[in-house]
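One structure below.
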Amino acid sequence: MGLTFTKLFSRLFSKKEMRILMVGLDAAGKTTILYKLKLGEIVTTIPTIGFNVETVEYKNISFTVWDVGGQDKIRPLWRHYFQNTQGLIFVVDSNDRDRVVEARDELHRMLNEDELRDAVLLVFANKQDLPNAMNAAEITDKLGLHSLRQRHWYIQSTCATTGEGLYEGLDWLSSNIANKYLSRSHLSIDCRPDWMTRIPHYIAVAFSGERRRWSF
C-alpha cells in the first residue's frame, strides 16, 4: 500500500512533462525563441536545416521543445514530428506582410492532420519591436484563427530578442495542456471500479494518523 501511495503522490506533485512542437516559416524567429527560453540570452543563429530540440524548465513544467526548420523544402518533413505533440507553437514574423498568407496556409494544412487533432495551439506574433509589425489582432485575422472553432488557441505578441511575451505564452500553453489532460484523466477515473474512486479518501485517512484496516 505504501508503494501505491508513493506512485500516486509522484504523479500528483512531480514535474509535469510536455511535448511541444514549434514551427513557422523560415526567419520567423523560432530558434531565437528556443534559446532565449533555454539559456535566457540571444544566440547567433543560422537557418535551421533539420531541427533543434531542447528541454525548457519553467515553473513545475518540463517542456521538450522541437524547433523544426521552416524553409519551404523542409516543410513537408514537419509531419514526422507530429506524433504525441501536446502543444503546437506557430511562430509568425509580424513584420513579414508579404508571406502572412503563406503562413496561414501552412498553419491550416498542419491543423488538418489527424495526429495534431488534440494539440492546443499557441501563436507567437513575433518581432513586435519592429515599427511596421502587424499587431496580434491583425495577425489573428490574417491567419484565420477565429475559424478554428474546435481548437484551443491563443495568440501572444512577442519579441524574441528581449523575451517579451514568451513566458506569458508558456503560461497559457502549460495551463491549457494540463487542463485538457486532467479533464481526460478525471473522465477515465470515473469509469473505473468504485474502489478506485475512493483512493483519495484512503490517502486522507493515512495522513490523519488514524489506524484502519485497508480493505476494498
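Throughout, read-outs are computed from the coordinates displayed, never taken from laboratory work. It should be emphasised that the depicted structure is a prediction, and the values quoted were computed from it without experimental measurement. A quick note on method: Cβ atoms are made from the backbone with ideal geometry, for glycine too, and the neighbour counts reach across all protein chains shown.
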Hits among lysines - C-alpha to C-alpha of Lys30 under 30 Å, sequence gap 8 or more where chains match
Lys15, Lys16, Lys38, Lys59, Lys73, Lys127, Lys142, Lys180
Pseudo-spin-label distance Arg117 to Arg99, built 7 Å along Cα→Cβ, given in nm, is 3.2
Please get the size of the charge dipole for segment 16-180, origin at its Cα centre, with Cβ charges of +1 on Lys and Arg and -1 on Asp and Glu, quoted in debye to the nearest 20.
320
Prolate/oblate/rounded call for segment 16-180, Cα gyration tensor, a/c under 1.5 rounded
rounded
Mind checking segment 62-101 for trypsin sites (Lys or Arg not before Pro) that DSSP puts in a loop (not H, G, I, E or B) and that have at most 10 other Cβ atoms within 10 Å?
Lys73
Specify which residue in the list Phe63, Val100, Leu25 is farthest towards the positive end of the charge dipole of segment 16-180, using unit charges on the beta carbon of Lys, Arg (+1) and Asp, Glu (-1), about the Cα centre.
Phe63
Of the GluC sites (Glu not before Pro) in segment 18-77, which ones lie in a loop per DSSP and count no more than 13 other C-beta atoms within 10 Å?
Glu41
I need the calculated FRET efficiency for the pair Glu41 and Asp141, taking r as the beta carbon distance and R₀ as 45 Å, to the nearest 0.05.
0.85
Show me the GluC sites (Glu not before Pro) within segment 85-129 that DSSP assigns to loop and that have at most 16 other Cβ atoms within 10 Å of their Cβ.
Glu113
